[in-house]
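For reference, the structure discussed in these notes is given below.
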Amino acid sequence: MNRQSLEKLRTDRRLAGRAGWISRADLTRETEGLPDASGKIAEKKAGPDPDEVGATAPETARRTPG
């Protein structure tokens, strides 16, 4: 691999746990240098959750004798 490709992989979370891959200090420095992307978080829209549409709350669900 060329040097540029390896530099991109250094901070990969999947590889950061490998012994000797990257030091904690280097990883911390790299992650602190990332831009703040908190402004890109989508706002939650009001309304029912699509996963819960039609779901019945457990306390109001009918129990069948069994």
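Observations on the model:
- The percentage of C-alpha pairs in the range 1-46 whose separation is greater than 15 Å is 57%.
- Computed over neighbours whose Cβ is under 10 Å from that of residue 16, the net charge equals +2, Lys and Arg +1, Asp and Glu -1.
Read the figures in this text as sums done on the coordinates, not as results from a lab. Computed from a predicted model, the values in this text were never measured in an experiment. Every residue, glycine as well, gets a Cβ built from its backbone with ideal geometry; the counts of neighbours run over all protein chains shown.
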